[in-house]
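See below for the structure under consideration.
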Amino acid sequence: MKKNLLFSLFVCSFSLSALAQEVVDAAAVNKIREEGLNRSQVMKTAFYLTDVAGPRLSGSPGLRKAQDWALNELKKYGLTNGKLEPWGKFGKGWQVNKNYAAITVPYYHAIIAIPKAWTSSTKGAIKGDVTLLKIDTVTDLQKYKGQLAGKIVIIDNNAPALVRSKNPDLSRYTDEELAKMAAATSQPAGGRAAQRGGGNPQMAAFMAARLKAAAMRTAISQFFQQENVALILSQGRGTDGTVFTSNGASYADTAKAALPELETSGEDFLRIVRLLRAGQKVSMEADIQTQFFNDDLKGYNVIAEIPGTDKKLKEQVVMLGGHFDSWHAGTGATDNAAGSAVMMEAVRILKAIGFKPKRTIRIALWSSEEQGLFGSRGYVAEHFGKRDSLKAEQGKVSAYYNLDNGTGKIRGIYLQGNAGVGPVFNSWLEPFKDLGATTVTISNTGGTDHQSFDAVNIPGFQFIQDGMDYNTRTHHSNQDTYDRLVEDDLKQAATIVASFVYHTAQRAQMLPRKEAIKPAN
């Protein structure tokens, strides 16, 4: 009780300071903090989105299960106009029903391996020797013609020995790093990975090698199909049993079936290759069963609202959201059950404190972000138009707030080059300095759904978050599970988001925008 009283006095003092031109509602912030930090439900939400729903790959039953649950929860909170809104055609759904693979000779060892998304099943349980292929050019394929039917194959790609990083997996921004971000005067080039922190030292070399190999992949895939290969083993990025997974085939409903392929941990992949290079026999058994879903090819977003109450302002909208879909190796905890749970918690907090906003608040949980921001792009195009053909509704959105950088606490916010909103956000962050949120930077972080809004000149923002082990351990990997979430960080994030949404909804004017978009030539 004393702590809350002292905090209230602090905020009141702050609101009378030099930054008082931007109103901060001290009483509301105090209520939001009390609800968000002391009565949080964010981990309960994250539990249902991960452990209960499972992987949420685009188009999969797991995604639909989570969407239905989230929509029902939002209705329980008291939100209205809840719906699963289609954004367009996606393609085939897919899930793993069984995944077993083990070495049996020279000894038994169950390997760590994940089926690549949208690849096919093995023909039941299979057993056989592993065949090492040396394929440096397309012409090398011909020496294996007629020899691979029913074989388990692995390509000797001259992968170097795994290099374990000497840096810790977990990382938080230092005061010096945040100060540098705050001092920036222009948007730096670079995408999301460059901005997030906690970078993986193996990623650059791996991606360069992957791009070089991509030119040959189509030819190799076609050859393996013609030869009727039973199973492909490929090396997954990662160390220490972590496998960063990906897709091995197209999700398009017209795409041809791809052979079963396992993305194998670096340790297991290199062990098999070493044995085969030395002339040792390696035998395996595997049973990979995947399933495709073609009944509904559409993609959907979860949408719900807290209606505005002001006669003049209720037609204006404040939006918040994060992407709901994940990859399939884990349960998508940090990418992006964390962001989705925080946004759901933010609107729950606002309803729990009895908030009746002037502007309408709308939450959106996007699908198919991982395939190209499809859910948010489709929604923006339908409701707000495109750069050269904007709709009237585009001018009624004050802001969109996004969270998609893992489990780390909020340290501030990216302005996306929108300098006019900087003083506003500095004021709104002031009451949360004690929680570590201090930084406003003109810079942008790319590669997630706020960009769909920014593309049509709607103020779209992504919060700055501590990197934690996002890039080093969890992003798209088999380690992306509930236990990687940091409860206090998610509570802090939901509390700050709720306050930003509150003040945006109540502000006398909409947030400043960047220069009007000029139609493309």
*What number of residues within the range 337-358 satisfy the criterion of being within 19 Å of Ala27 (Cα to Cα) and not β-branched (Val, Ile, Thr)?*
10
*Which of the residues belonging to the range 256-279 are among the small types (Gly, Ala, Ser), at negative phi and at pLDDT 95 or above?*
Ala258, Ser265, Gly266, Ala278
_I need the full set of residues from the range 291-316 which are part of a strand (DSSP E or B) and either free of Cβ contacts under 8 Å to residues at least 60 places away in the same chain or among the aromatic types (Phe, Trp, Tyr) (or both), in order please._
Phe292, Phe293, Tyr300
*Please verify whether the range 412-423 includes one or more residues that are crowded, with 22+ Cβ neighbours inside 10 Å and in contact with a His (Cβ under 9 Å, 6 or more places away or on another chain).*
yes
*Could you give me the residue pairs with C-beta distances under 7 Å whose first residue belongs to the range 249-273 and is in the same structural domain as Lys123 (by TED's automatic domain parsing) and surrounded by 14 or more Cβ atoms within 10 Å (Cβ to Cβ), whose second residue is in a helix (DSSP H, G or I) and not polar (S, T, N, Q) wherever it lies, and which are 6+ apart or on separate chains?*
Leu259/Phe224
*Quick one: in the range 290-335, which of the residues that are acidic (Asp, Glu) and over 16 Å from the mean Cα position of the chain (by Cα) is surrounded by the most Cβ atoms within 10 Å (Cβ to Cβ)?*
Glu305
*asked:* under 23 Å from Gly93 (Cα atoms) and either surrounded by 15 or more Cβ atoms within 10 Å (Cβ to Cβ) or over 18 Å from the mean Cα position of the chain (by Cα) (or both): is that true of Asp287 in this structure?
replied: yes
*Could you give every pair whose Cβ atoms fall below 9 Å, whose first residue belongs to the range 95-117 and is more than 24 Å from His476 (Cβ to Cβ) and assigned by TED's automatic domain parsing to the domain that holds Ile152, and whose second residue is among the hydroxyl-bearing types (Ser, Thr, Tyr) and modelled with pLDDT of 95 or more, counting only separations of at least 6 or pairs across chains?*
Ala102/Tyr108; Ile103/Ser283; Thr104/Ser283; Val105/Ser283; Pro106/Ser283
*Among the residues of the range 35-84 satisfying the criterion of being among the charged types (D, E, K, R) and buried (at least 17 other Cβ atoms within 10 Å of the Cβ), which is nearest to Thr331 (Cα to Cα)?*
Arg56
*Test for Leu403: is it assigned by TED's automatic domain parsing to the domain that holds Met468, crowded, with 24+ Cβ neighbours inside 10 Å, under 25 Å from the mean Cα position of the chain (by Cα) and not β-branched (Val, Ile, Thr)*: yes
*Check on Gln371, polar (S, T, N, Q), modelled with pLDDT of 95 or more, in contact with a helix residue (DSSP H, G or I) (Cβ under 9 Å, 6 or more places away or on another chain) and assigned by TED's automatic domain parsing to the domain that holds His323*: no
*Could you tell me whether Ala364 is buried (at least 20 other Cβ atoms within 10 Å of the Cβ) and either free of Cβ contacts under 8 Å to residues at least 24 places away in the same chain or within 15 Å of the chain's Cα centre (by Cα) (or both)?*
yes
*Can you find a residue in the range 436-450 that is without any contact (Cβ under 8 Å) to a residue 60 or more places away in the chain and surrounded by fewer than 20 Cβ atoms within 10 Å (Cβ to Cβ)?*
yes
_I'm trying to understand the selection: among the residues of the range 350-392, which are closer than 18 Å to Lys314 by Cβ, part of a loop (DSSP other than H, G, I, E, B) and among the basic types (Lys, Arg)?_
Lys356, Lys358, Arg359
*Flag for Leu415 being over 16 Å from Gly321 (Cα atoms) and without any contact (Cβ under 8 Å) to a residue 60 or more places away in the chain*: yes
*Any idea which of Gly420, Gly395, Gly406 is outside any strand (DSSP E or B), more than 21 Å from Thr504 (Cα to Cα) and of a type outside the set (A, V, I, L, M, F, W, C)?*
Gly406
_Among the residues of the range 428-444, are any in a loop (DSSP other than H, G, I, E, B), more than 24 Å from Glu487 (Cβ to Cβ), under 18 Å from the mean Cα position of the chain (by Cα) and of a type in the set (S, T, N, Q)?_
yes
*With the checklist (1) over 24 Å from Tyr108 (Cβ atoms); (2) loosely packed, with under 14 Cβ neighbours inside 10 Å in hand, flag the one item Gly241 doesn't pass.*
(1)
*Going by the conditions given, is Lys151 in contact with a strand residue (DSSP E or B) (Cβ under 8 Å, 6 or more places away or on another chain) and among the basic types (Lys, Arg)?*
yes
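The values are calculated or read from the model by the stated rules, or taken from the named source; none is laboratory data. All values reported here derive from a predicted model rather than from experimental measurement. As a convention, Cβ positions derive from the backbone with ideal geometry for all residues, glycine included, and neighbour counts pool all protein chains shown.
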